[in-house]
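Report on the structure given below.
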Amino acid sequence: MNQQNSKSTTPSSHHVKVNKSLYIGGIVVLLIALSPMLFYSYKSFPSESQVWETSFFKLTTGFPNWNAYAWYLTGKVVPLYFLLIWFFTCKHWWHWIILVPIAMYSFQLWALIRESSGKYDELELFYVVPLMAIVVPFVYLIRAKLFNKMRGNDLESFEEELKQEKGLIGQLKDLFR
């Protein structure tokens, strides 16, 4: 009458993958849910002067006041934040093109942090165009290869090729075959 339990006490690999997926999904949901607090954090900065002085530090800004600087800063950080979440969670083949707006906001944010000139949101184009010259053709080559493979009758070998883990050099070689 002693019957053994047929279920294993160790979780299956599918169960572990589902738990990991739920855990990562929960973190992403939490990060998105916290975004309004990140955006409205500019209201906690001083709004009367260009000098922000505490017992730990003294900072000066070229903006009319620290509140204006923080408002402008959150206008760059929040979209960059969402774009990064989108880039790292996107499973589509075209997700590499998201690097272009990520680069644009990154350059804008860097110029704002440095306060190097009064011309914000103007000079980053000179930095983004070379990146676009690399990323856009790269994404187009991926698209062309996918459509070429999908039009062929050999869809199973295409799926097998996608499952193979290759390094960056191997992937680039495959793009130009």
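Brief remarks on what is shown
- Single residue of F39, F82 found to be in contact with a Gly (Cβ under 9 Å, 6 or more places away or on another chain), among the hydrophobic types (A, V, I, L, M, F, W, C), surrounded by 13 or more Cβ atoms within 10 Å (Cβ to Cβ) and not in a loop (DSSP other than H, G, I, E, B): F39
- Residues of the stretch 91-104 satisfying the condition of being without any contact (Cβ under 8 Å) to a residue 24 or more places away in the chain and either touching a helix residue (DSSP H, G or I) at 6+ places or on another chain (Cβ under 7 Å) or assigned to a helix (DSSP H, G or I) (or both): H95, I98, P101, I102
- Once the stretch 42-79 is narrowed to residues that are part of a helix (DSSP H, G or I) and small (G, A, S), the residue that is nearest to the chain's Cα centre (by Cα) is G75.
- Any hit, the stretch 95-115, residues being touching a Cys at 6+ places or on another chain (Cβ under 8 Å), modelled with pLDDT of 90 or more and either farther than 24 Å from G62 by Cα or surrounded by 15 or more Cβ atoms within 10 Å (Cβ to Cβ) (or both): yes
- Qualifying residue in the stretch 14-24 (condition: loosely packed, with under 12 Cβ neighbours inside 10 Å, of a type outside the set (K, R) and not in a helix (DSSP H, G or I)): no
The values are calculated or read from the model by the stated rules, or taken from the named source; none is laboratory data. Quick caveat, the model's predicted, so the values are computed rather than measured. Glycine also receives a Cβ, built like all others from the backbone with ideal geometry; neighbour counts cover every protein chain displayed.
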